[in-house]
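To start, the structure itself, in structure tokens.
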Amino acid sequence: MPKTVFQKIIDREIPADIVYEDEICIAFRDIEPQAPVHCLIVPKKLIPRISEADAKDDALLGHLLLTVTKVAKLTGILKTGFRTVINCGVDGGETVPHLHVHVLGGRSLQWPPG
Ligand code: 5GP
């Protein structure tokens, strides 16, 4: 299977504005930001989408959610608030088949999403 664009970022084959990294995940700024702060948190393990994670991934999924707060703090939106989004499948708006958590903030976000 060809590498996803996020795998290429993990492998440093294409550049990204990385804000956080550890042994389990990497976080970088979205190339097409939908808010003043828009980061993606991507596990280094390739799980295509949240619906394909299983019980073996429970610690990894918890780690991704705990990383949200770290990324919010590092990017200056912890106090003002932020939104965390995981798109899944066609109707969910998923475009990259490598699990990722969006972290958006820096402006007042509307609800419901379009
Ligand atoms: P999805 O629609 O799958 O939930 O989100 C994929 C996100 O990846 C989009 O917001 C898109 O802008 C972002 N993205 C796609 N290609 C690249 C890239 O090469 N670099 C970065 N930093 N973000 C990307």
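Using beta carbons and a limit of 9 Å, which pairs, at least six apart or on different chains, have the first residue in region 31-42 and assigned to a strand (DSSP E or B) and at pLDDT 95 or above and the second one among the acidic types (D, E) and surrounded by 12 or more Cβ atoms within 10 Å (Cβ to Cβ)?
H38/D30; C39/D30; L40/D30
Do we have A59 as farther than 20 Å from Q7 by Cα, away from the ligand (no atom under 16 Å from the Cβ), in a helix (DSSP H, G or I) and touching a residue at least 12 places away in the same chain (Cβ under 8 Å) here?
Here the answer is no, as A59 does not meet what is asked.
Give the residue that is farthest from the ligand (Cβ to nearest atom), with candidates limited to residues of region 93-103 that are touching a Ser or Thr at 6+ places or on another chain (Cβ under 9 Å) and open to solvent by 20 Å² or more (accessible area, probe 1.4 Å).
If we take residues in region 93-103 being touching a Ser or Thr at 6+ places or on another chain (Cβ under 9 Å) and open to solvent by 20 Å² or more (accessible area, probe 1.4 Å), then P97 is farthest from the ligand (Cβ to nearest atom).
Is it the case that L78 is more than 25 Å from K3 (Cα to Cα) and either at pLDDT 95 or above or not in a loop (DSSP other than H, G, I, E, B) (or both)? Before you say what the answer is, go through the steps one by one.
Values: more than 25 Å from K3 (Cα to Cα): yes; either at pLDDT 95 or above or not in a loop (DSSP other than H, G, I, E, B) (or both): yes.
For L78, the condition - more than 25 Å from K3 (Cα to Cα) and either at pLDDT 95 or above or not in a loop (DSSP other than H, G, I, E, B) (or both) - is met.
Quick check on this structure: which one of V68, V42, V37 is closer than 18 Å to K3 by Cα and either open to solvent by less than 40 Å² (accessible area, probe 1.4 Å) or in contact with a Gly (Cβ under 7 Å, 6 or more places away or on another chain) (or both)? Show your work before the answer.
Details: V68 fails: closer than 18 Å to K3 by Cα; V37 fails: closer than 18 Å to K3 by Cα.
Unique residue meeting the criteria: V42.
Can you pull out every residue in region 81-92 that is touching a helix residue (DSSP H, G or I) at 6+ places or on another chain (Cβ under 8 Å), open to solvent by 60 Å² or more (accessible area, probe 1.4 Å) and either modelled with pLDDT under 95 or within 11 Å of the ligand (Cβ to nearest atom) (or both)?
If the condition is that a residue be touching a helix residue (DSSP H, G or I) at 6+ places or on another chain (Cβ under 8 Å), open to solvent by 60 Å² or more (accessible area, probe 1.4 Å) and either modelled with pLDDT under 95 or within 11 Å of the ligand (Cβ to nearest atom) (or both), then I86 is the only one that fits.
Scanning region 6-29 for residues that are within 13 Å of the chain's Cα centre (by Cα) and among the β-branched types (V, I, T), which turns out nearest to K70 (Cα to Cα)?
V19
Would you mind stating whether I10 is touching a Lys or Arg at 6+ places or on another chain (Cβ under 9 Å), open to solvent by 40 Å² or more (accessible area, probe 1.4 Å), over 22 Å from R107 (Cβ atoms) and among the hydrophobic types (A, V, I, L, M, F, W, C)?
Numbers: touching a Lys or Arg at 6+ places or on another chain (Cβ under 9 Å): yes; open to solvent by 40 Å² or more (accessible area, probe 1.4 Å): no; over 22 Å from R107 (Cβ atoms): yes; among the hydrophobic types (A, V, I, L, M, F, W, C): yes.
It is false that I10 is touching a Lys or Arg at 6+ places or on another chain (Cβ under 9 Å), open to solvent by 40 Å² or more (accessible area, probe 1.4 Å), over 22 Å from R107 (Cβ atoms) and among the hydrophobic types (A, V, I, L, M, F, W, C).
The values are calculated or read from the model by the stated rules, or taken from the named source; none is laboratory data. What you are looking at is a predicted structure, and each value in this text was computed from that prediction instead of being measured. Cβ atoms come from the backbone with ideal geometry, glycine included; neighbour counts cover every protein chain shown. Accessible surface areas use protein heavy atoms only, side chains included; no ligands, DNA or RNA. Shrake-Rupley method; radii C 1.70, N 1.55, O 1.52, S 1.80 Å.
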